[in-house]
1. Sort through 183, 174 and tell me the only one that's of a type in the set (Phe, Trp, Tyr) and part of a helix (DSSP H, G or I).
2. How many residues, within segment 264-301, are in contact with a His (Cβ under 9 Å, 6 or more places away or on another chain) and part of a loop (DSSP other than H, G, I, E, B)?
3. When the residues of segment 40-53 are filtered to those that are among the small types (Gly, Ala, Ser) and within 17 Å of residue 263 (Cβ to Cβ), which remaining residue is farthest from the ligand (Cβ to nearest atom)?
4. For segment 221-233, give me each residue that is buried (at least 20 other Cβ atoms within 10 Å of the Cβ) and charged (D, E, K, R).
5. Can you name the residue in segment 83-107 that is at pLDDT 90 or above, out of contact with any helix residue (DSSP H, G or I) (no Cβ under 8 Å at 6 or more places or on another chain) and part of a loop (DSSP other than H, G, I, E, B) and, of all such residues, is farthest from the ligand (Cβ to nearest atom)?
6. Just the residues that are within 30 Å of residue 281 (Cβ to Cβ), in contact with a Pro (Cβ under 8 Å, 6 or more places away or on another chain) and either among the charged types (D, E, K, R) or within 14 Å of the ligand (Cβ to nearest atom) (or both), please, taken from segment 54-82.
7. Would you confirm whether any residue within segment 140-156 is in contact with a Ser or Thr (Cβ under 6 Å, 6 or more places away or on another chain), in a strand (DSSP E or B) and not hydrophobic (A, V, I, L, M, F, W, C)?
Amino acid sequence: MLIQLASALIRELGVGLAVSEKAFQKMGVFRRMAGLSLLQNLLPFTGYPYEGAIIDCPVCGASNHKQIARFDRRLKRLSTHMCFTCGLFFTNPMPSSAELDRFYAATYRAEYQFAFLRPRKTHQIRKQREADSRSSRISEIIGFNEPVRFLDFGCGSGELVRAMAVRGYEAHGFEPGVDYGSFGQDKLAEDAGGANAIRVGSWRDMDYPANSFDAISCLHVLEHLNDPMAALEKIHDWLADGGVLYLETPNMQNYVLKGFDCFHFAHVLGFSRDNLLFALEKSGFQMLREDRPTSFLLVKKGDPRGAALVYDLAGAVKKNHSEFTAGITLFSYLKRHSRRIKKVAKEEIRASQS
Ligand SMILES: [Zn+2]
C-alpha cells in the first residue's frame with residue numbers, strides 16, 4: 001500500500017512523465033499540483049485546500065441553517081451546515097465552482113478511489129456489473145421503439161454509456177475527471193463508435209442543445225455539486241418533453257445511522273427523500289417511480305414550478321442542535337456526534353411512521 005501510494009504520488013507530482021504523457025499534456029500544471037493537493041486532502045486535523053464562500057441553503061434558499069459538524073470522517077476540518085427549512089446538509093463555506101472543477105479534474109479519483117491515470121481493475125468490474133443492471137432497468141422503462149438518445153450526467157469511466165450504446169441507444173456522457181473521462185472515451189470507441197460520445201469537462205461547460213435527450217441518468221452525482229438547482233435546470237432543458245430522468249443520490253437518513261461517516265469533502269450536499277423530491281418538483285419533474293428513498297425515475301412535465309414544502313425534516317435536528325455543538329471536544333466528538341445523529345434519525349423515522 002505504501003509503495004503504491006509513494007509511486008502514485010511521484011507520478012502525480014510529475015516525475016513519471018513518460019507514463020502519463022497524454023494526461024499531463026491535457027492538464028498541464030493542474031496535474032502537477034494534484035499530488036500536493038492530494039497530500040493536503042489526506043492530512044488529519046487540517047482544513048481542505050479551498051476557500052469557498054458562506055452560502056444559504058442551495059436547494060430551498062433558506063437562511064436558517066446552522067453548523068452541525070466541524071470535522072469530517074477523516075478528522076479533517078470541514079464545516080457542515082443543516083438547513084432548518086428543508087433539512088439539507090451542506091458544506092459551508094461551500095467550495096467555489098472553480099475549486100470544485102479543479103478537484104474533480106485531477107484529485108478526486110486519486111483521493112477517493114486510489115486510482116491514478118486509469119480506473120482500477122476492481123472498479124471497472126464493479127462498475128460494469130452496475131451498468132449492466134442499470135441499463136437493463138432504464139431500457140425496460142423507456143422502451144426502445146425508435147432511436148433513443150441517452151445521456152449519463154457525470155459518467156465516470158463510462159460503463160453505463162457503453163452498456164446503453166451496446167443495447168442500441170445513441171449514448172452520450174460527460175465526466176470532469178480527465179483520467180476517467182479519457183479512459184471512457186477510448187473504451188467507448190473500441191466497443192461502440194458511431195453516434196456515441198463521451199466528453200471530458202464540467203457540467204457547467206456542457207452545451208447540449210435543448211431537447212437533446214429522451215433519457216438522462218444522474219447517478220451519485222447531484223451530491224457533489226455546489227449548485228444543484230442550476231444542474232437540474234440544465235437537465236430539464238436537455239430532456240425532451242416526457243423524457244425520463246433516472247436519479248440516485250445517497251440517502252442521508254441512511255447515512256445518518258452510520259454517524260459522522262457521512263461527512264466528507266466530495267459530498268458537498270446531503271439529501272434525504274423529501275428535500276430531493278422538493279428540489280426535483282421545483283425544477284419541473286414529477287415522480288414516476290421510486291425504487292428506494294433517494295432513487296427516483298422521473299418524467300419531465302411542464303415548466304418548473306414552486307413546490308409546497310410539506311416536510312419538516314429538520315425539526316428534530318433543530319431540537320438537538322444545541323447538544324450537537326455544545327462542549328464537543330476532540331475525543332468525545334465521534335462518539336457524541338454519532339450518538340446524537342442516531343437519536344435524531346430515530347425520531348425522524350418514528351415521526352414519518354406515525
Ligand atoms: Zn433548505
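The values are calculated or read from the model by the stated rules, or taken from the named source; none is laboratory data. Predicted model only: the values in this text are computed from it and were never measured. When we count neighbours, we look across all protein chains shown, and the Cβ atoms used for this are built from the backbone with ideal geometry, even at glycine.
1. Numbers: 174 fails: part of a helix (DSSP H, G or I).
The conditions single out 183.
2. Count: 5.
3. Filtering segment 40-53 for residues among the small types (Gly, Ala, Ser) gives 47, 52-53.
Retained after the next criterion (residues that are within 17 Å of residue 263 (Cβ to Cβ)): 47, 52.
Values: 47: 24, 52: 18 Å.
That would be 47.
4. The one that is buried (at least 20 other Cβ atoms within 10 Å of the Cβ) and charged (D, E, K, R): 223.
5. 96
6. 55, 58, 59
7. yes
Rundown of residues vs (1) among the β-branched types (Val, Ile, Thr); (2) touching a His at 6+ places or on another chain (Cβ under 7 Å), yes/no style:
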| position | (1), (2) |
| --- | --- |
| 155 | no, no |
| 159 | no, no |
| 168 | no, no |
| 178 | yes, no |
| 185 | no, no |
| 197 | no, yes |
| 202 | no, no |
| 206 | no, no |
